[in-house]
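Have a look at the structure below before the remarks.
Taken together, the values in this text are just the output of simple stated rules run on the coordinates, not laboratory data. Every value quoted in this text rests on a predicted model; they were computed, and no experiment measured them. Cβ coordinates were reconstructed from backbone atoms using ideal geometry, including for glycine residues, and neighbour counts include every protein chain displayed.
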Amino acid sequence: MKRITLYSLASLFFLFLQTVLGQALSIQHIVPDFLLLWIVYLALREGQAAATAAGFLLGLGIDLLSGQDGMLGAAAFSKTVAGFFAGYFYNENKMLQILGGYQLIVLIAVASALHNVVYFLILLQGSGIGWWAAIFRYGIPTTAYTAVFGLIPMFGFARKYLS
C-alpha cells in the first residue's frame with residue numbers, strides 16, 4: 001500500500017512536471033516526454049501490468065489537462081501502448097543493470113517512437129498535416145529529446161549499480 005501511494009504521488013509530480021516544466025523546456029514546440037520516462041521506469045521496476053495501467057491513467061490525465069478538442073484519449077491510448085511494450089523488458093534480476101545501462105536509453109527511444117507513431121496515427125486523422133512531415137518535424141525530435149532526458153536517471157542508476 002505504501003508503494004502504491006508513493007507511485008501515485010510520483011505520478012502526480014510527473015504530470016505537474018510535464019505540464020509546467022515541459023512547456024518551459026520546449027524547443028520550437030518539441031517537448032520532452034517526462035511521463036514516458038516514468039512509465040518506462042515503472043515497466044522495468046514493476047512489470048507490464050503496472051506500466052500499462054500507469055500509461056493509461058497518466059495519458060488520460062495529460063489529455064484532460066491539455067484540453068485538446070476532440071482528441072480525448074489519444075495520449076491515453078498511445079501511453080498505454082508504450083507502457084505495454086516497455087513491460088516486455090521487465091526482468092527482476094536485471095532491473096538495476098538495465099536502469100543503469102545503455103539499454104534504458106534504447107528502451108526509452110523505442111517506446112517513445114512507438115508512442116509517437118500511435119499518437120500521430122490518431123492525431124492526424126482528418127488534419128492537413130502529412131504523416132512524414134509529422135514524424136520528421138515532431139516524432140523524431142521528441143524521441144531524441146526524451147532520450148536525452150533519459151540519460152539523467154541512467155547515470156544515477158549506473159552510479160548506484162556500479163557502487
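Worth a mention:
- Relative contact order for the chain: 24 percent, from Cα pairs under 8 Å spaced at least 6 residues apart, divided by residue count.
- Extension gain from Ala109 to Leu121, taking 0.36 nm per residue of separation minus the Cα-Cα distance: 2.5 nm
- P(r), alpha carbons of segment 23-163 - 10 Å bins starting at zero, rounded %: 13, 42, 33, 10, 2, 0
- Table column - 3J(HN,Hα) (Hz), segment 109-114, Karplus curve with 6.51, -1.76, 1.60, x for Gly and Pro: 5, 5, 5, 5, 4, 4
- At R0 = 22 Å, FRET efficiency that the Cβ-Cβ distance of Ala10 and Arg137 yields, to 0.05: 0.10
- Inter-site label distance for Ile129 and Arg45 at 7 Å from Cα along Cβ, in nm: 3.1
- By the beta-carbon count within 10 Å of each Cβ, the least crowded to most crowded order of Thr146, Thr19, Thr5, fewest first, is Thr5, Thr19, Thr146.
- Residue-span extension gain [Met71 to Val148] - 0.36 nm each, minus C-alpha spacing: 24.9 nm
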